[in-house]
Amino acid sequence: FDIEGGDRVFWAMEINVDQEYFVVTRLGQAFRIKGSDLVTNHRSGKQAISFKKPEDYPIHLHPVKGTHVASISRGRLLLICTLEEFPLLSKGKGVRMQRLSRGELLVDATTFNLSDGITLDSGKRKRHITELDNWTGARAGKGKMLPHGFLSGAVFAGTGASILVAGKGYTGELF
């Protein structure tokens, strides 16, 4: 890598060029991208995600693992929609994943198969949910409150998101 002074590296991961990835930013923008579009031979790297502000870095860049996408906002709202609602781009900003209130951010996002369900983790308890009809909606919807028992916040188990950022009243950074 050829990193300029003052540049920050948040994480690094191995990219499979044959895999499809899902990118989500803190402000709720998301899109799908091919692994081959993330790889470059240039020493300075490649910018695949467009940001309005430097602090709008992605919260997730994960391989696609299913047919649906779920997101949780800092306001403890959960929204589930189909992966096909998100465009396959080679670079860009993406489309709105979840409608957020002013100043609100996304805490976590994941891809999964609807039949497998999702597992929520609040730090104190974990709960696997397979009946997801209440939270399923169209992309860019507001979402509905997390299930009873997770009103102080939650993340999806296995995504690597910090449970601390999901808590009620938290005002710090995601990383």
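The values are calculated or read from the model by the stated rules, or taken from the named source; none is laboratory data. Since this is a predicted model, take the numbers as computed values, not measurements. Because the Cβ atoms are built from the backbone with ideal geometry, glycine has one as well, and the counts that use them run over all protein chains shown. Protein only, heavy atoms only, side chains kept; ligands, DNA and RNA dropped before computing areas. Shrake-Rupley method; radii C 1.70, N 1.55, O 1.52, S 1.80 Å.
Within the stretch 90-107, the set of residues being farther than 20 Å from Ala138 by Cβ and open to solvent by less than 60 Å² (accessible area, probe 1.4 Å) comprises Gly92, Leu105, Val107. With respect to Arg125, is the statement that it is at negative phi, out of contact with any Asp or Glu (no Cβ under 8 Å at 6 or more places or on another chain), basic (Lys, Arg) and at pLDDT below 95 true? Here the answer is yes, as Arg125 does meet what is asked.
Please specify each residue of the stretch 12-43 satisfying the condition of being among the hydroxyl-bearing types (Ser, Thr, Tyr) and either surrounded by fewer than 11 Cβ atoms within 10 Å (Cβ to Cβ) or at pLDDT 85 or above (or both). First the steps, then the outcome.
So in the stretch 12-43, the residues among the hydroxyl-bearing types (Ser, Thr, Tyr) come out as 21, 25, 36, 40.
Tyr21, Thr25, Ser36, listed by residue number.
Of all the residues that make up the stretch 100-129, how many are without any contact (Cβ under 8 Å) to a residue 24 or more places away in the chain and part of a strand (DSSP E or B)?
First, pick out the residues of the stretch 100-129 that are without any contact (Cβ under 8 Å) to a residue 24 or more places away in the chain: 102-103, 115, 117, 124, 127-129.
The next check asks that each one be part of a strand (DSSP E or B); those that pass are 127-129.
Qualifying residue count for the region: 3.
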